[in-house]
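The values are calculated or read from the model by the stated rules, or taken from the named source; none is laboratory data. Keep in mind that what you see is a predicted model, and the values were worked out from it rather than measured. So basically every Cβ, Gly included, is an ideal-geometry build from the backbone, and we count neighbours across all protein chains shown.
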Amino acid sequence: MPDRGGGPTGPRIRVGRPSRRVRTLLMTLGVLAVLGMAFTMFAGFWTDWLWYRSVHYSSVFTTTLWTKIGLFFVFGLLMALAVGLNIWLAHRLRPPLSAMSMEQQSLDRYRMGIAPYKRWLLLGITALVGLIAGASAAGQWRTWLMWVNGVPFHQKDPQFHLDVSFYAFDLPWYRFLLGFGFAATILALIAAALTHYLYGGLRITSPGARATAAATGHLSVLLGVFVALKAVAYWLDRYGLAVKSSDFKATDNWTGLRYVDANAYLPAKTILFCIAVICALLFFATLWRRTWQLPVIGFGLMVLSAILIGGLYPAIVQKFQVQPNEQAKEAPYVQKNLKATREAYGIDGTKVSDYSGTSKTSDKTKLRDDVDSTASIRILDPNIVSPTFQQLQQIRNYYAFPTNLDVDRYTKDGKVQDTVIGLRELNLNGIPKNNWINDHFRYTHGYGVVAAKGTAADANGQPVFTESDLPSRGDLGTYEQQVYYGEKTTTYSIVGGPQKEIDYSDDSGEKTTSYKGKSGVNLANPINRAAYAVAFSEPQILYSGAIGEGSRILYNRTPKERVEAVAPWLTIDGDAYPAVVDGRIQWIVDAYTTTNGYPYASRTTLGDTTADSLTATNNSRAVVAQQNQVNYIRNSVKATVDAYTGQVKLYQWDTQDPVLKTWMKAFPGTVEPKGAISKSLLSHLRYPQDLFKVQRELLTRYHVTNPTTFLTGSEVWQVPDDPTNKSGNAVPPYYLSMKMPDQSSQAFSLTTTFTPNGRDNLSAFMSVDAQADSSDYGRIRILKLPTSTTVDGPKQVQSQFNSEQDIAESIKLLKGGDSDIEYGNLLTVPLDGGLLYVEPVYVRGGGLKYPLLRKVLVSYGDKTAFEDTLDQALNKVFGAESSTTPPPDQGTTPPPTSSNPTVQQALDDAQKAFDAGQTALKKGDWKAYGEAQKDLEDALKRAEEAQAKADKTAGGSGSGKSGSSPSPSGSPSPSGGSGSG
C-alpha cells in the first residue's frame with residue numbers, strides 16, 4: 001500500500017483497513033435499522049393483539065386481521081399475475097430481430113441494458129403492482145364481510161323488486177370487483193403495449209404495418225376484456241340508479257330513480273350494455289381476422305351511443321316531457337322516495353297530530369295544577385352547571401367534571417326523578433407536579449359520582465345534590481367509586497405494581513390504593529415492556545423500577561374509544577353517559593349500524609345533521625365518523641363500559657336490524673342478546689340524541705306524506721337556532737319527563753321544536769319516548785300547529801324575554817358590576833292546547849367563579865314572568881297557586897358549615913351583602929345595589945383569604961384551594977370545598 005502523508009520514519013497509513021471498517025459499520029447500521037423497523041412494526045401488532053386479548057375481543061382482531069391478509073394476498077396475487085403474465089406473453093410474442101425496423105433497432109441499447117435484469121425487472125414490476133393492489137383490497141374488508149355474511153332485509157325495492165340486501169351488501173362488492181378488473185386490465189394493457197413496442201411488436205413512425213399479428217391479437221383481447229367490463233358496468237349501473245344521489249329541488253341528497261331515470265337512463269343503460277357486448281365480441285374476433293377495423297368502428301359507435309343515448313336523450317326527456325308537467329311526472333317516484341326514506345330512518349311510525357297552539361281553559365287554578373302533572377320541568381341545565389359542580393364538588397384540583405353533564409333518572413322514595421349527573425374524573429393538569437411517575441403511576445383515576453336533582457335548586461341558586469362529597473354518598477347507595485375509565489381519561493396509566501396510587505384525600509390525609517382489577521396488559525413480560533416502550537415512545541417503560549410484578553398498563557380509556565375498537569363496524573354516538581348500575585359505575589354508549597345502500601332513501605351526512613350549539617363548543621360531543629353519508633340508520637347496539645374494570649359489553653338492541661345480524665354473523669359471540677340486559681341497566685337506557693337529531697332533520701321535510709305537497713315545498717320546516725346564545729347553531733334536543741296530549745302519564749322524553757323555513761314562529765313540536773323500559777319507547781309524536789295563526793317560536797320567546805321593560809331592567813341589575821348572565825335551556829312543554837316555555841337564568845360574577853340559578857323565565861300565551869323560583873314564575877303567569885306543590889327538597893345532606901370562625905364571619909357578611917343587594921334590586925335602587933355588590937366582593941375575598949390561610953396551616957396535600965368555596969348563601973361548599981373553578 002502507498003504511504004500517505006508520512007516520511008521514511010513517519011507513520012504508514014493504510015487505506016484498505018479503514019475502508020473495511022466503514023463498510024462493516026454501515027452494514028451493522030443497516031442491519032440495526034432494519035431490525036429497528038421490524039421491531040417497531042412488531043410492537044404495533046403485538047400491543048394491539050395484547051389489548052384485544054385483555055378486553056376479551058380477540059376474535060375481532062383475528063377476524064379483521066385474517067380478512068385483510070386474505071384480501072391482500074388474493075388480490076395482490078391476481079394483479080401481479082395479470083400484469084406479469086401479459087408482460088411475459090408480450091415478450092414471448094416478440095418478432096425476430098431481423099424483422100425489426102430502423103425505429104426498433106434504435107431501441108437496441110434499451111433492450112441490451114435491461115437484458116441482464118429482465119427476470120428481476122419483471123418480478124419487481126409485478127411485486128410493486130401486487131403490493132399496491134393488495135393494500136387497496138385489504139381496505140375493503142368491511143365490504144367483503146358484509147357480502148359474504150349478508151342476510152336478507154325481506155323488503156324489495158319498487159323498481160327492480162330485488163331484496164334491499166342486494167344494494168346494501170352485494171352491489172358494493174360487485175362494484176369493487178369491477179373496479180379491480182378495470183385497474184388490472186388497464187395496467188396489463190399498458191404493460192403489454194410497452195413491451196410490444198420495446199421488442200418490435202408495435203411501430204409508431206416506421207412505414208408499413210403498425211403492429212405484428214401477434215401484438216394485434218394480444219392487445220385486442222385486452223381491449224375486448226376492457227369493453228366487456230364496460231358492459232358489466234352498464235348493467236350494474238341500471239341497479240345503481242336505485243341508490244344514486246342527484247340534485248333535485250324537492251330535497252338535498254335525493255336518492256333513487258326519478259321519471260327521467262326510469263324512462264331514459266334505464267333503457268339507455270340496457271342499450272349501451274348490448275352495444276358493449278357486441279363491441280367486445282368484435283375485439284375478440286381479431287384473433288381470427290387480424291384487423292382492428294371492425295372493433296374500432298364498434299368502439300366508436302359505442303362512444304357515440306353513450307353520448308347520444310346516455311346523455312342527450314335523457315336531457316331531451318327532462319326538458320320536453322318532465323319540466324312542462326313536473327308534479328304529475330315525478331309524483332309516483334317521490335312517493336317511493338317518501339316511503340323508503342321514512343322506513344330507512346325509522347320515522348315511518350311518526351304520529352303527526354294537529355295542535356291548536358292556544359289554551360281554551362279559563363280555570364287558571366286547573367291550568368296551574370296541570371303544569372305539575374304534565375311535566376317535571378328541569379331547571380338545572382347540564383350544559384351550564386358543570387363549573388358549579390366543579391367549584392362545589394371538585395374537592396381536589398386533580399379532579400374535573402366534563403364540560404357538559406348528563407341527564408339520567410334515579411328513584412328516590414319510590415319516585416323517579418330527573419337527575420343531572422357527572423363523574424369526578426382525573427385531571428392531570430391539576431396535580432401538584434407533573435412528571436412521569438405522577439402522571440402515569442400515582443394519579444391514575446378519578447373518584448365518585450356527583451348528582452343533583454334536575455328540577456330544583458336551593459335558596460342560593462346552587463344544585464340540590466343527591467350524591468356528593470368525597471367519598472361520594474347520598475341516594476345512590478354503595479358502589480365502586482374509583483373511575484379508571486372516563487371521557488377525560490386520555491392518557492395511559494401503569495397500575496397494580498410496586499408504586500402505590502393516590503386514591504383520594506380527606507381530612508386525615510391521602511389514601512392510597514393499588515389496582516385490583518384484571519383490566520389492561522401485564523407488563524411483567526420483558527417483551528411486552530419493550531413493545532410498549534416502542535409503541536408509546538417511552539423508553540422508561542423498559543427499565544423503570546416502578547414497574548414490577550403485577551404491573552398492568554391501561555390505555556384506550558375513553559368509553560367511545562373502547563367501543564369503537566371492539567366493534568369497528570359500528571358508528572358511535574357522540575354522548576356517552578355514566579350510570580350507577582348494580583353497585584358499579586357503567587358508561588352507557590349508544591351505537592348505530594348504517595349503510596348508504598338503501599334504495600330510494602335520501603342520504604344525509606351524520607356530521608352535519610348531528611351538529612348543534614353544543615357540538616360547536618365541545619368536539620367530544622360530535623358523532624364519530626362525522627362525514628359518513630348514510631341513508632339507513634338504526635340504534636342497534638347498546639354498549640356499556642365499566643368505569644373500574646374497563647369491561648366492554650355489547651347488547652343487541654334492535655333485534656330486527658339486518659345490518660346488525662350481518663355483523664353478528666361476521667363476528668360471532670361479540671354481541672350479547674337483548675335478554676341479557678338487566679332490569680337495573682334497562683332503567684337507565686335512553687333514546688340517543690344523535691339518532692334523534694338525524695330524524696328531526698329528516699322530518700323537516702319528510703313529515704309530509706303527500707308527494708304533491710312535498711314537491712311544492714310549502715310545508716318545509718327547519719330546526720331553529722339556539723336562542724340562548726349567538727352561535728347560530730341549531731338548538732340541541734332536551735331530555736325531560738313530560739306527557740304529550742295523548743299520554744296518560746309522564747314519560748322520560750327527548751324533545752325539540754320546528755319553525756317554518758325562513759321564519760321564527762313555531763310550526764311544530766316533536767318528542768320521542770326515550771324511556772327504554774316503556775312500551776312506547778321510540779314512538780315519535782309531532783304536534784303540528786295551524787298555518788293560519790302564528791304561535792311564538794323559541795327565538796321570538798327569547799326576544800320577548802329580553803324586550804319586556806321589567807325583565808330587561810332586572811337583567812340589567814343582575815349584570816351589575818362584573819357579573820355575566822347565562823341563559824339555560826329553553827324548554828317547551830305542550831299544555832292544554834298552548835305552549836309553556838321555561839328558561840332558567842344563571843348569574844356568574846361578583847367574585848364567584850361559577851354560575852348560580854338566580855331567576856326563572858316562564859311564558860304561556862301572552863303572559864310572561866321573571867321570578868326567583870319556578871313556582872313563583874308559574875304562579876304569576878297563571879294568576880293562581882298550585883294546590884299540589886311539594887315542599888322544597890334540600891338534598892340528601894344539609895349544607896355543611898365552616899369550622900373556621902374567621903371564614904364563617906366573612907361568609908355571614910357576604911350573606912348580608914347579598915340580601916341587601918337583592919332588596920335594592922327589587923326596589924330599583926342602583927346606588928344601594930352597587931354598594932351591596934362592593935361589600936359582597938370584599939366579604940368573599942376575605943373568606944377566600946381566610947380559608948386559604950386555614951388550609952395552609954392544616955397542611956392539605958395536593959388540593960390547591962381545598963377549603964370551603966364561599967357562596968353568597970353564607971355557607972361553604974360541601975365536604976371541604978373545591979379546587980379552582
Could you tell me whether segment 722-736 includes any residue that is buried (at least 23 other Cβ atoms within 10 Å of the Cβ) and either over 27 Å from the mean Cα position of the chain (by Cα) or under 30 Å from V322 (Cβ atoms) (or both)? no
L827 - would you say it is surrounded by 19 or more Cβ atoms within 10 Å (Cβ to Cβ), within 35 Å of the chain's Cα centre (by Cα) and touching a residue at least 24 places away in the same chain (Cβ under 8 Å)? yes
Any residue at all in segment 319-334 that is modelled with pLDDT of 90 or more, assigned to a helix (DSSP H, G or I), under 35 Å from the mean Cα position of the chain (by Cα) and at negative phi? yes
Residue pairs meeting the criteria (Cβ under 9 Å; at least 6 apart or on separate chains; first in contact (Cβ under 8 Å) with a residue 24 or more places away in the chain, in segment 291-306; second buried (at least 18 other Cβ atoms within 10 Å of the Cβ) and of a type in the set (D, E, K, R)): M302/K230
Restricting to segment 581-596, name every residue that is closer than 12 Å to G477 by Cβ, assigned to a strand (DSSP E or B) and small (G, A, S). none
Subset of segment 356-385 (residues that are touching a Gly at 6+ places or on another chain (Cβ under 7 Å) and either of a type outside the set (V, I, T) or modelled with pLDDT under 90 (or both)): S356, G357, T358, S359, K360, K364, R378, L380, D381
Can you spot a residue in segment 469-478 that is in contact (Cβ under 8 Å) with a residue 40 or more places away in the chain, in contact with a strand residue (DSSP E or B) (Cβ under 7 Å, 6 or more places away or on another chain), buried (at least 24 other Cβ atoms within 10 Å of the Cβ) and among the hydrophobic types (A, V, I, L, M, F, W, C)? no
Positions within segment 508-538 being on the phi < 0 side of the Ramachandran plot and among the polar types (S, T, N, Q), in sequence order: S508, T512, T513, S514, S519, N522, N525, N528
Expected output for segment 529-551 (first residue under 15 Å from P498 (Cβ atoms), partner of a type in the set (V, I, T) and in a loop (DSSP other than H, G, I, E, B), Cβ below 9 Å, 6+ apart or cross-chain) is R529/I547; Q540/I547; I541/I547
Within segment 783-806, how many residues are among the hydrophobic types (A, V, I, L, M, F, W, C) and either in a helix (DSSP H, G or I) or surrounded by fewer than 22 Cβ atoms within 10 Å (Cβ to Cβ) (or both)? 3
What's the number of the only condition in (1) farther than 16 Å from Y644 by Cα; (2) in contact with a His (Cβ under 7 Å, 6 or more places away or on another chain); (3) of a type in the set (S, T, N, Q) that Q482 fails to meet? (1)
Would you please name the residue that is farthest from the chain's Cα centre (by Cα), looking only at residues in segment 392-439 that are under 21 Å from G454 (Cα atoms) and of a type in the set (S, T, Y)? T411
Take L312 and tell me if it is free of Cβ contacts under 8 Å to residues at least 60 places away in the same chain, in contact with a helix residue (DSSP H, G or I) (Cβ under 8 Å, 6 or more places away or on another chain) and either among the small types (G, A, S) or part of a helix (DSSP H, G or I) (or both). no
Test F465 against the criterion of being under 25 Å from A579 (Cα atoms), within 32 Å of the chain's Cα centre (by Cα) and of a type in the set (F, W, Y), and give yes or no. yes
Given (1) of a type in the set (F, W, Y); (2) assigned to a loop (DSSP other than H, G, I, E, B); (3) modelled with pLDDT of 90 or more, index of the condition Y842 fails: (2)
Mind checking which residues of segment 414-430 are part of a helix (DSSP H, G or I) and touching a residue at least 60 places away in the same chain (Cβ under 8 Å)? L428, G430
Is it fair to say F441 is assigned to a helix (DSSP H, G or I) and either buried (at least 24 other Cβ atoms within 10 Å of the Cβ) or touching a Lys or Arg at 6+ places or on another chain (Cβ under 6 Å) (or both)? no
Residues being part of a loop (DSSP other than H, G, I, E, B) and either surrounded by fewer than 18 Cβ atoms within 10 Å (Cβ to Cβ) or out of contact with any strand residue (DSSP E or B) (no Cβ under 9 Å at 6 or more places or on another chain) (or both) - total across segment 145-168: 10
By residue number, the members of segment 654-669 that are within 21 Å of the chain's Cα centre (by Cα) and assigned to a loop (DSSP other than H, G, I, E, B) are D654, D657
Would you mind finding the one in V450, V464, V495 that is surrounded by fewer than 21 Cβ atoms within 10 Å (Cβ to Cβ), in contact with a Lys or Arg (Cβ under 7 Å, 6 or more places away or on another chain), in contact (Cβ under 8 Å) with a residue 40 or more places away in the chain and of a type outside the set (S, T, Y)? V464
Being within 28 Å of the chain's Cα centre (by Cα) and farther than 21 Å from Y734 by Cβ is the requirement here; does D348 meet it? yes
Tell me yes or no: at least one residue of segment 513-520 is surrounded by fewer than 20 Cβ atoms within 10 Å (Cβ to Cβ), in contact with a strand residue (DSSP E or B) (Cβ under 7 Å, 6 or more places away or on another chain) and not in a loop (DSSP other than H, G, I, E, B). yes
Kindly list the number of the only condition in (1) over 27 Å from the mean Cα position of the chain (by Cα); (2) in a strand (DSSP E or B); (3) of a type outside the set (D, E, K, R) that fails for G497. (2)
Looking at D170, D163 in this structure, which one is farther than 16 Å from V232 by Cα and not aromatic (F, W, Y)? D163
Would you please name the residue that is surrounded by the most Cβ atoms within 10 Å (Cβ to Cβ), looking only at residues in segment 305-357 that are of a type in the set (D, E, K, R) and under 22 Å from V243 (Cα atoms)? E330
